[in-house]
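J.: Here it is, the structure in full.
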Amino acid sequence: METLTEQRKCSRTQLCWPVSVWVPQANRFFNGRSSNISKVGVFITVPMTTPVQTGNVVELNFPRTTGLATEKGQFARIKRGRVVRVERNNILKGACIGLGIAFE
């Protein structure tokens, strides 16, 4: 049996929010949802057909509500990140994969 060691540097906040992921290798966006986020990274789920692997750099687009967009002057928060983990254990259950992404 394998023991996992916690490696997070910052605490995570549960956040279920829509997110679009730009995958340069595919030259397109894939829609998903965040499940938790911290100052240094995020965990999201995307369709199982999303062509990503550990080490890929992606761009994340977090849409804002109208009120927040008016306040901040932008309709989305865009972050760049590197895929540090790909979880494929829910492919059959939800036709999705999980991605751990470290912000750059």
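J.: Quick check, is Leu60 under 19 Å from Cys16 (Cβ atoms) and modelled with pLDDT of 95 or more? So that I can check it myself, show each step before the final result.
T.: Values: under 19 Å from Cys16 (Cβ atoms): yes; modelled with pLDDT of 95 or more: yes.
In short, yes.
J.: Need pairs with beta-carbon distance below 7 Å; first residue under 24 Å from Ser11 (Cα atoms) and within segment 81-104, second in a strand (DSSP E or B) and of a type in the set (Asp, Glu); sequence gap 6+ or separate chains.
T.: Ile97/Glu87; Gly98/Glu87
Residue by residue, here is whether (1) within 14 Å of Ile78 (Cα to Cα); (2) of a type outside the set (Gly, Ala, Ser); (3) exposed (fewer than 11 other Cβ atoms within 10 Å of the Cβ); (4) over 13 Å from the mean Cα position of the chain (by Cα) holds:
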residue: Ser34; (1), (2), (3), (4): yes, no, no, no
residue: Ser38; (1), (2), (3), (4): no, no, no, no
residue: Val46; (1), (2), (3), (4): no, yes, no, no
residue: Thr50; (1), (2), (3), (4): no, yes, no, no
residue: Asn61; (1), (2), (3), (4): yes, yes, no, no
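J.: Given the criteria aliphatic (A, V, I, L, M), surrounded by fewer than 18 Cβ atoms within 10 Å (Cβ to Cβ), more than 12 Å from the chain's Cα centre (by Cα) and modelled with pLDDT of 90 or more, does Ala95 qualify?
T.: Numbers: aliphatic (A, V, I, L, M): yes; surrounded by fewer than 18 Cβ atoms within 10 Å (Cβ to Cβ): yes; more than 12 Å from the chain's Cα centre (by Cα): yes; modelled with pLDDT of 90 or more: yes.
Answer is yes for this residue.
J.: Right, another one. Scan Thr54, Thr45, Thr70, Thr50 and give me the residue that is touching a helix residue (DSSP H, G or I) at 6+ places or on another chain (Cβ under 9 Å) and either part of a helix (DSSP H, G or I) or of a type outside the set (Asp, Glu) (or both). Outline the logic, then answer.
T.: On the way: Thr54 fails: touching a helix residue (DSSP H, G or I) at 6+ places or on another chain (Cβ under 9 Å); Thr70 fails: touching a helix residue (DSSP H, G or I) at 6+ places or on another chain (Cβ under 9 Å); Thr50 fails: touching a helix residue (DSSP H, G or I) at 6+ places or on another chain (Cβ under 9 Å).
Matching residue, one of Thr54, Thr45, Thr70, Thr50: Thr45.
J.: Quick one: Lys72 ticks every box in (1) surrounded by fewer than 13 Cβ atoms within 10 Å (Cβ to Cβ); (2) in contact with a Gly (Cβ under 8 Å, 6 or more places away or on another chain); (3) of a type in the set (D, E, K, R) bar one, so which box is it?
T.: (2)
The values are calculated or read from the model by the stated rules, or taken from the named source; none is laboratory data. Quantities reported herein were computed from a predicted structural model and do not represent experimental measurements. Backbone-built Cβ (ideal geometry, glycine too); neighbour counts: all protein chains shown.
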